1. Does the stretch 14-64 come out rounded, prolate or oblate by the C-alpha gyration tensor, with a ≥ b ≥ c the root eigenvalues, rounded set by a/c under 1.5 and, if not, prolate when a/b is larger than b/c and oblate if not?
2. Does the stretch 2-100 come out rounded, prolate or oblate, given a ≥ b ≥ c as the square roots of the eigenvalues of its C-alpha gyration tensor, rounded meaning a/c under 1.5 and, failing that, prolate meaning a/b above b/c?
3. In nm, to one decimal, how far is the Ser24 label point from the Arg94 one, both placed 7 Å along Cα→Cβ?
4. Quote to one decimal, in nm, the extra length available between Arg81 and Phe52 on full extension: 0.36 nm per residue of separation minus the C-alpha distance between them.
Amino acid sequence: MPKDAAVEEFAGLVRALKARDGRSYEALGRRLSVSASTLHRYCSGATVPEEFAVVVRLALLCGADEEERRALEAAWTEADRARRRAASPAPTPRPVPAVSAAPESNPEPSAPDLIWRACGSRRGCRRCW
């Protein structure tokens, strides 16, 4: 599955920060309280952080200036939208209920309906039984 352009842009900014800092994935991950493999997934574009706080900590740790942080925030926002779109399932069409020929005007309530009405519980209570 091809990656979204917004995710690629975000991953490129994260990779640039990591490369400029020069630390290993493990060393940066320890400082950010994430695993080295998680940080690698952020840099490769395989995953987008669910919270921006990790990105802020990375930017501060790697010495990003205010302009870079704003660009990183904008890129993360777009990448996060793409992640959410990809994670949400496609709406499935609902089946159309069959229409009966002649609906009953006042159907007789069944026993469970009477119990439910009597005590307010769907299953009934000891008093109702």
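Rule-based calculations on the coordinates, nothing more; no lab input. Everything numeric in this text was worked out from a predicted model, so none of it was measured. Backbone-built Cβ (ideal geometry, glycine too); neighbour counts: all protein chains shown.
1. rounded
2. prolate
3. Placing both labels 7 Å beyond Cα along the Cβ direction yields 5.5 nm.
4. Gain in length upon complete extension: 9.2 nm.
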